[in-house]
1. Identify all residues within segment 242-293 that are surrounded by fewer than 21 Cβ atoms within 10 Å (Cβ to Cβ) and touching a Lys or Arg at 6+ places or on another chain (Cβ under 6 Å); write none if there are none.
2. Please specify each residue of segment 349-361 satisfying the condition of being touching a strand residue (DSSP E or B) at 6+ places or on another chain (Cβ under 9 Å) and either under 15 Å from Gly256 (Cβ atoms) or among the aromatic types (Phe, Trp, Tyr) (or both).
3. All but one of (1) farther than 18 Å from Asp125 by Cβ; (2) aliphatic (A, V, I, L, M); (3) in contact with a Leu (Cβ under 6 Å, 6 or more places away or on another chain) hold for Leu48, so report the exception by its number.
4. Quick check on segment 8-21: of everything there that is outside any loop (DSSP other than H, G, I, E, B) and small (Gly, Ala, Ser), which residue is farthest from Ile398 (Cα to Cα)?
5. Determine, yes or no, whether Glu399 is modelled with pLDDT of 90 or more, under 25 Å from the mean Cα position of the chain (by Cα) and outside any loop (DSSP other than H, G, I, E, B).
6. So is Gly43 more than 21 Å from the chain's Cα centre (by Cα), within 29 Å of Ala307 (Cα to Cα) and not charged (D, E, K, R) or not?
7. Which residues, taken from segment 128-146, are closer than 24 Å to Arg29 by Cβ and either touching a Leu at 6+ places or on another chain (Cβ under 7 Å) or hydrophobic (A, V, I, L, M, F, W, C) (or both)?
8. Provide a single number: the residues in segment 184-218 that are part of a helix (DSSP H, G or I), farther than 29 Å from Leu335 by Cα and out of contact with any helix residue (DSSP H, G or I) (no Cβ under 6 Å at 6 or more places or on another chain).
Amino acid sequence: MQKPPTQSSPLRISVVAMEIPFPPVHGGRVDIWRRLKALKRVGVEVQLICWSPTVPDAATMATLREQVSDLYLLSYPRGWWGNLRRLIDLLHYPLEITSRLVRGKDLQRLQRVVEAFRPDVMMADHVHCGVVASPIGQALQVPMIVRSHDIEHLHYRELMRTAPDLKSKVMRFFSQNHLEAYEKGMFRRCLAFYDISTADLEFWQQQGYKNGHFLPPLIDLADLETTARLKATAPPKFEYDAVFLGNLRTDNNVAGVLWFLEQVMPLLRSQRPDLRVAIAGSNPVERIVQACDRTPNVVLLPNPPDAAAVYRSGRACIDPVAVGRGVSLKSLDMLAAGRPIVSFAKGTSGLPESVKVYFHVADDAPSFAQAILDCLQDQVVASPDPELLAAELGDVAIERFVHQLSALLFPDHQKKRV
């Protein structure tokens with residue numbers, strides 16, 4: 001099926017994503033959404049195939065269609081037969097894949113849609129999506145690439161180990177069951193995989209996988225431009241001395257925020273009794289609500305509509321989350337805000353070395369508190385260089401990806417990208 005390249009034809013990618021990426025309300029969606037927009041800016045034609053639990057409203061559909069050339073929504077299994085089918089599929093697949101298997105007439109219909117788009121390559125924008133991208137690619141003789149967001153089998157194994165109760169442990173057991181063999185099989189079969197993290201890519205290379213490449217998550221260039229414009233036009237106005245923004249329901253984020261409130265805030269208030277902190281994020285659990293209520297000078301901002309505005313409202317940005325894998329999208333957004341950043345080492349994991357210098361890394365409560373105090377006294381490294389961030393984490397990174405992918409797909413030709 002694959003057509004020969006021409007000088008005038010743009011690269012065409014059929015992207016299979018785990019979920020509908022708009023609105024980009026969490027890190028996984030953010031990574032996909034920013035990349036879709038960047039691919040359009042550099043001239044790539046994208047077909048987006050993704051799962052959606054409901055039919056999106058007209059405004060959401062219009063926004064999606066602005067960024068992609070073709071859109072096809074898949075539904076999750078429903079009813080007693082769908083649930084029974086998923087139970088049977090657990091014998092062979094991890095839990096998250098059982099809700100994304102496409103079979104029979106549904107698979108044939110999807111295959112016809114992809115064939116009509118005539119992609120140069122299938123992109124599983126998460127290793128789990130290979131369960132759809134791989135068979136379609138094989139049937140249409142179109143190569144597949146994989147976007148790796150994490151070392152998934154280690155990620156889910158860690159979630160199972162740290163699950164807070166029996167029900168959670170059982171769910172995470174089924175999430176990681178069969179996952180290692182599946183993940184490694186996808187990487188062996190694909191033309192190439194593109195890792196979100198330099199550290200994770202090194203892990204796979206040490207395992208003997210030679211077809212991996214680094215594709216960083218992207219920074220929001222609009223936020224970067226807004227920060228630069230505000231800095232040039234007027235002195236910043238700060239509502240808070242330090243701000244945290246992230247989802248307030250997952251175990252690792254909840255543990256990090258509670259640790260900060262219980263261990264770091266007393267140290268800060270002993271030095272700066274008037275210091276004000278904002279804890280912002282989506283769907284805060286009751287433990288977070290109660291901890292913020294009982295901690296002096298802490299304001300809880302649930303479900304803020306503008307993340308960039310939250311980051312810019314603080315003199316310093318903080319990330320007290322110590323546990324997790326992959327790349328923290330919070331880190332990129334904090335960089336875009338142009339504020340000094342205090343974080344555990346986990347917050348810089350997988351990022352290009354050139355941007356790690358903008359993080360003040362702490363390893364315990366006293367050093368975390370002192371780092372924040374130093375930030376407030378301007379005793380830390382300078383604000384991030386916007387040109388460096390744009391080069392490392394902006395459209396330049398996508399252009400490198402497109403040219404490198406084109407060389408893999410068409411080693412004897414060069415396709416014009418813009």
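1. Scanning segment 242-293 gives Asn283, Val285.
2. Tyr358, Phe359, Val361
3. The number of the failed condition is (1).
4. Ala17
5. Criteria met by Glu399.
6. In short, yes.
7. If the condition is that a residue be closer than 24 Å to Arg29 by Cβ and either touching a Leu at 6+ places or on another chain (Cβ under 7 Å) or hydrophobic (A, V, I, L, M, F, W, C) (or both), then Cys129, Val131, Val132, Ala133, Ile136, Met144, Ile145, Val146 are the ones that fit.
8. 6
The values are calculated or read from the model by the stated rules, or taken from the named source; none is laboratory data. Since this is a predicted model, take the numbers as computed values, not measurements. For neighbour counting, all protein chains shown are included, and Cβ atoms are generated from backbone atoms with ideal geometry for every residue, glycine included.
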